[in-house]
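Notes follow the structure.
The values are calculated or read from the model by the stated rules, or taken from the named source; none is laboratory data. Quantities reported herein were computed from a predicted structural model and do not represent experimental measurements. Because the Cβ atoms are built from the backbone with ideal geometry, glycine has one as well, and the counts that use them run over all protein chains shown. The accessibility values were calculated without ligands, DNA or RNA, using every heavy atom of the protein model including side chains. Shrake-Rupley method; radii C 1.70, N 1.55, O 1.52, S 1.80 Å.
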Amino acid sequence: MASLRPTKSGSWYARVQWYEGKSRKEKYISLKTTSKVTARERFAKVEKVEDDIKEGIEFSFPWIDDIIRTKVKRFNLQDAVDKWIDTRIKNVAKSTLESNQNSIDYFVKFFGISRALESITTKDMKRFGEYLLEKKGLGRASINIHLRAIKTMFRYYLKIETLTKIPIIDQLTIRYSDPIYITDNEFQSMMELDWLDGFYKRVFLLHRDTGMRLAEPMISVLEGNWVDIPNTSKGKAPRSIELNESLKLIFLELKGWYDDGYGSKLLTPDDHISKMFKKALRSIGAD
């Protein structure tokens, strides 16, 4: 709640109070006047942005910086992404949050943390999409996921009026075709690659024989011979898969790799496995 207050010297200030949990927060904004009439006029401008102030957005007011109108201070990418991710922690699934963070990492790396969010244009976003396609070598479907996440962030700041306009962010065109299947001969050729570590061969076999999606082993639980996959996976419906003793050992090995092994040191361990799989396919000359 905002209130108008006098100081002992006779000048006026606005006090904005709010609670975060049980903790009371306050922000004081000098109105730079001893006139109550002027103070009320300036206080009205503070009240208009009270909700944004409580959200942590900083404002420069005309009577403070001698400018013509109230202006939001430059909101750089570091501020923008940190605040947006915080708003999503309790509102989206863990897998979605991890995907959002991955998108943000690409975004910040391309533009730099000090770039003002409001300065990013439609042309800039087109360049960003080209960067992901040509420099990072990502597939069009993956790029579209990243672009949707960034677009969601921009729309959030438009909604809370931190931005007055946002760039146009178009999805890349994808030509859909029938699924491409790996033949038994091609899979056997991958299993015979000398340079490919046995761990990756076993992981490929686990996915091939169970049909588990790439990230599902990370979020699944083994109960006896059954892998229980929760409804946080793609498709939303929980399901269970029975493993034989050989596949169960591979599953436990993979879980250990995720939790305590090399995978625990990676930002996106499932993406690492995907890249190894693609590398193996290229190595055997698969189309």
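Does residue 228 satisfy the criteria of being open to solvent by 50 Å² or more (accessible area, probe 1.4 Å), without any contact (Cβ under 8 Å) to a residue 24 or more places away in the chain and closer than 15 Å to residue 272 by Cβ?
Details: open to solvent by 50 Å² or more (accessible area, probe 1.4 Å): yes; without any contact (Cβ under 8 Å) to a residue 24 or more places away in the chain: yes; closer than 15 Å to residue 272 by Cβ: no.
For residue 228, the condition - open to solvent by 50 Å² or more (accessible area, probe 1.4 Å), without any contact (Cβ under 8 Å) to a residue 24 or more places away in the chain and closer than 15 Å to residue 272 by Cβ - is not met.
Any idea which residue in region 5-29 is farthest from the chain's Cα centre (by Cα), counting only those that are open to solvent by less than 40 Å² (accessible area, probe 1.4 Å) and over 28 Å from residue 156 (Cβ atoms)?
10
Cβ-Cβ under 9 Å, sequence separation 6+ or interchain: first residue in region 243-255 and among the acidic types (Asp, Glu), partner assigned to a loop (DSSP other than H, G, I, E, B). Which pairs?
245/225; 253/261
Name the residues in region 111-146 that are part of a helix (DSSP H, G or I) and open to solvent by less than 50 Å² (accessible area, probe 1.4 Å), would you?
111, 117, 119, 124, 125, 128, 129, 131, 132, 143, 144, 146
I'm checking my understanding of the structure. Among residues of region 159-170 that are at pLDDT 90 or above and open to solvent by less than 80 Å² (accessible area, probe 1.4 Å), which one is nearest to residue 146 (Cα to Cα)?
Of everything passing the filter in region 159-170, 169 is nearest to residue 146 (Cα to Cα).
What single numbered condition from (1) in contact with a Leu (Cβ under 9 Å, 6 or more places away or on another chain); (2) open to solvent by 40 Å² or more (accessible area, probe 1.4 Å); (3) part of a helix (DSSP H, G or I) fails to hold for residue 86?
Against the list (1) in contact with a Leu (Cβ under 9 Å, 6 or more places away or on another chain); (2) open to solvent by 40 Å² or more (accessible area, probe 1.4 Å); (3) part of a helix (DSSP H, G or I), residue 86 comes up short only on (1).
If the Cβ limit is 6 Å and pairs must be 6+ apart or interchain, which residue in region 105-116 that is in contact (Cβ under 8 Å) with a residue 24 or more places away in the chain and aliphatic (A, V, I, L, M) pairs with which residue that is in a helix (DSSP H, G or I) and open to solvent by 30 Å² or more (accessible area, probe 1.4 Å)?
Close Cβ pairs satisfying both conditions: 113/78.
Here is a list of conditions, (1) under 23 Å from residue 283 (Cα atoms); (2) surrounded by 15 or more Cβ atoms within 10 Å (Cβ to Cβ), and residue 184 meets all of them except one; can you say which number that is?
Just one mismatch for residue 184, condition (2).
For region 1-51, please list each of the strands (runs of 3 or more DSSP E) lying entirely inside it that holds at least 3 residues being free of Cβ contacts under 8 Å to residues at least 60 places away in the same chain and basic (Lys, Arg).
23-30
Which is within 30 Å of residue 267 (Cβ to Cβ) and modelled with pLDDT of 85 or more, of 29, 104?
On inspection, the qualifying residue turns out to be 104.
With 22, 45, 8 as the choices, which residue is basic (Lys, Arg) and modelled with pLDDT of 85 or more?
Working: 22 fails: modelled with pLDDT of 85 or more; 8 fails: modelled with pLDDT of 85 or more.
One residue alone meets the criteria, 45.
Among what's in region 30-59 and is of a type in the set (Gly, Ala, Ser) and closer than 17 Å to residue 2 by Cα, pick the residue that is surrounded by the most Cβ atoms within 10 Å (Cβ to Cβ).
Filtering region 30-59 for residues that are of a type in the set (Gly, Ala, Ser) and closer than 17 Å to residue 2 by Cα, the one surrounded by the most Cβ atoms within 10 Å (Cβ to Cβ) comes out as 39.
Kindly establish whether residue 214 is within 22 Å of residue 264 (Cβ to Cβ), touching a His at 6+ places or on another chain (Cβ under 8 Å) and surrounded by fewer than 17 Cβ atoms within 10 Å (Cβ to Cβ).
Spelling it out, residue 214 is indeed within 22 Å of residue 264 (Cβ to Cβ), touching a His at 6+ places or on another chain (Cβ under 8 Å) and surrounded by fewer than 17 Cβ atoms within 10 Å (Cβ to Cβ).
So if I check each of 103, 95, which one is open to solvent by 40 Å² or more (accessible area, probe 1.4 Å) and either hydroxyl-bearing (Ser, Thr, Tyr) or part of a helix (DSSP H, G or I) (or both)?
95 is the lone residue from the list that is open to solvent by 40 Å² or more (accessible area, probe 1.4 Å) and either hydroxyl-bearing (Ser, Thr, Tyr) or part of a helix (DSSP H, G or I) (or both).
Given the condition touching a residue at least 24 places away in the same chain (Cβ under 8 Å) and surrounded by 15 or more Cβ atoms within 10 Å (Cβ to Cβ), answer yes or no: does some residue in region 173-181 qualify? Full working, then the answer.
From region 173-181, those touching a residue at least 24 places away in the same chain (Cβ under 8 Å) are 173-174, 180; that's our starting set.
With surrounded by 15 or more Cβ atoms within 10 Å (Cβ to Cβ) added as a condition, the list becomes none.
No, region 173-181 contains no residue that is touching a residue at least 24 places away in the same chain (Cβ under 8 Å) and surrounded by 15 or more Cβ atoms within 10 Å (Cβ to Cβ).
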